[in-house]
Each structure stands twice: as C-alpha cells, then as structure tokens.
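Working notes, beginning with the structure itself.
Here, each number is a calculation from the coordinates, and none is a lab measurement. Owing to the predicted nature of the structure, the values given are computational and were not obtained by experimental measurement.
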C-alpha cells in the first residue's frame, strides 16, 4: 500500500506512520509522531487532531501533509 498524507484519512482511522518530513519533523518526533508509530485520526477538518499513546494532538493541515501513513484497519 502506498503511504498517503494524514489529510487523506477519515475520522476514526487507525494509521501507521511511514514517513515524517518538513520543518516540524523534530517537534513531531518529540511528541511521538515518528516512523512506525500507530495513531488514530480523531478529526480531519480545518484542523487535524490525532490520538497517539493516549494523548490528543492538534496538527496544522500544512504540517499534516508532511506526515505519510498507511491505514491499519483496511
């Protein structure tokens, strides 16, 4: 399966992060969003909200485009 940006997934999807790029990659990795991490898409609208390791994290849409993932429940 080809990885897609977080902005492509619907609410409730469980995802595996494949690649993190862009200027915020160090900050994202600091909060657990790194290659191999599993997360759940909570909200995909004007902002992106994901749950990772029991924490909800808000991500700007432009930053979310730099996070590539694949669905685990497909």
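Data overview
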| quantity | calculated |
| --- | --- |
| Structure-derived Cα Rg over 2.2 N^0.38 Å: which label, when the choices are (i) 2.07; (ii) 1.18; (iii) 0.94 | (iii) |
| Difference of contour (0.36 nm per residue) and Cα-Cα distance, residue 18 to residue 4 | 4.1 nm |
| Length released on extending from residue 43 to residue 70, taking residue separation times 0.36 nm less the Cα-Cα span | 8.1 nm |
| Length-normalised contact order for the chain - Cα pairs under 8 Å, 6+ apart - percent | 45 percent |
| Helical contribution to [θ] at 222 nm, DSSP H n ≥ 4, -39,500 (n - 2.57), averaged over the chain, rounded to 500 | -2500 deg cm²/dmol |
